[in-house]
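These notes concern the structure reproduced below.
The values are calculated or read from the model by the stated rules, or taken from the named source; none is laboratory data. Keep in mind that this is a model prediction, so the values were computed, not measured. So basically every Cβ, Gly included, is an ideal-geometry build from the backbone, and we count neighbours across all protein chains shown. For accessibility, only protein heavy atoms count, side chains too; no ligands or nucleic acids. Shrake-Rupley method; radii C 1.70, N 1.55, O 1.52, S 1.80 Å.
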Amino acid sequence: MQNITLDTITEAVINHGDRGKSHPRLYEMYTSLVRHLHDFVREVNLTESELQQGRNFLNRVSHHTQEIPAGEMQALTDLLGISELVELLHDSHCGTESNLEGPLYVPNAPGRQMGDRLGIDPEGDTLFLSGSVLDLNGQPIANALIDVWQPNSKGLYDIQDPSQPLGNFRGRFKTNKSGKYMFETVVPLGYKVPSSGPCGELLGLLGRHSWRAAHIHVKVSAPEYTPLTTQIFMAGDPHLDSDTTFAVRSAIVQLQKHEAPDEFKAHNQSKPFYTTEFDFVLTPVTSAEDYKATSEQHAYTIDSK
C-alpha cells in the first residue's frame, strides 16, 4: 500500500483484511460505512480542525452524565433519526408498531401487581391505563410480561431526579388469564432532551428544539411471540408533529377526564383524574432461536391477581 492517493485510499481501507471471509455481514456494513464516510469527507472538504472537533464531540457523547447516566450515544442516534429509521425498516407492520427504547430504560424494574400505582407524584394528575395483550387473531395472551417506564408530571425520570426514589414510575407485571392489564400512574409531561451535554449543544447550533412529546414507554413479551418495545403518546401534546426524535407514529391515545364525585369514590380519588385504553398486539416468533430468546426474556415471574 505504498503511494496512497485520493483515488486509492478508500479501496485500500476496504481491502485491508480478509475481505469478509471471517465475518461477511460485518464486512458488508464496514465496506458501506467506509465508502459513505470517505464520500462525506470529500463532499464537504473536511478540514483537520473540523475532524478534531468531530472527535472531541464523539468523545464527549460517550461520557456519563447525571441527566443521561448511560452516556449520550443512544440519544445521538435518536436525534439523528437513525434509531427510528431502524425501527421503521424492521417493524413487522402486523402487530403493534415498535418504537424507540430510548436512553433511560433500566432493566429489572420493580415487580408490581395488576392495578398498582407506578410511582409517587402528589402533584401529578392520576391516569388509569388499561387494555389487553392480544395475538394477531385478536385472542388474549395470558401471563404476558409488561415492563413500563415513564417520566413524572414534571417530565423527569427517576434516574435524572434525586427527589424521586429509584424505580419511581417503573414497573413490571403480568396480564391476567383474559390477557388484560391495568395500572395507575400520572399523566406524563413532555420534556426537553437534556441540553447540558454535546447533543443539546448540537441541537442549539442547528436551530432545532429539543422537545419530546409526552409518552409512556412499554416493553411487552410472551413465550412464542416477538418481544415488543414501543411508546404510547398523549393526544393534544404540542410536539406530536415535531418530536425531536421523530418517534411519533400512530400509537396516540385520547385521555378521558373524570370530574364527577361518584367517579372519585369509585376510583379512590380526591380530584379529577384521567383514563385511557391501549391494546398491544404481538406477532409470533418465526424461528427456534427467537423462541428461545423470548422464553429467556420472559423468565421473570409475578403472581398475577
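Overview of values
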quantity: Listed residues MET73, MET114 arranged by accessible area, highest first, probe 1.4 Å; calculated: MET73, MET114
quantity: Carbon plus sulfur fraction of accessible area for the chain, probe 1.4 Å, in percent; calculated: 55 percent
quantity: Tensor-based shape of the range 84-236 (alpha-carbon gyration tensor, a/c under 1.5 rounded, otherwise prolate or oblate); calculated: oblate
quantity: Fraction of antiparallel bridges per DSSP, the chain only, in percent to nearest 5; calculated: 75 percent
quantity: Subset of LYS154/LYS174; LYS177/LYS219; LYS180/LYS219 violating a 26 Å alpha-carbon distance limit; calculated: LYS154/LYS174
quantity: Computed helical MRE - 222 nm, the chain, DSSP H runs ≥ 4 contributing -39500 (n - 2.57), nearest 500; calculated: -8000 deg cm²/dmol
quantity: TYR181 accessible area, assembled protein chains, probe 1.4 Å, Å²; calculated: 10 Å²
quantity: At R0 = 25 Å, FRET efficiency that the Cβ-Cβ distance of GLN256 and LEU89 yields, to 0.05; calculated: 0.10
quantity: Estimated D of the range 1-141 in µm² per second, where Rh is the Kirkwood radius over Cα pairs and Stokes-Einstein applies at 25 °C, 0.890 mPa s; calculated: 119 µm²/s
quantity: Rounded Å value of the spacing that divides the Cα centres of the range 162-223 and the range 226-263; calculated: 11 Å
quantity: Nearest-10 value in Å² for the accessible area of GLU123, using the 1.4 Å probe; calculated: 140 Å²
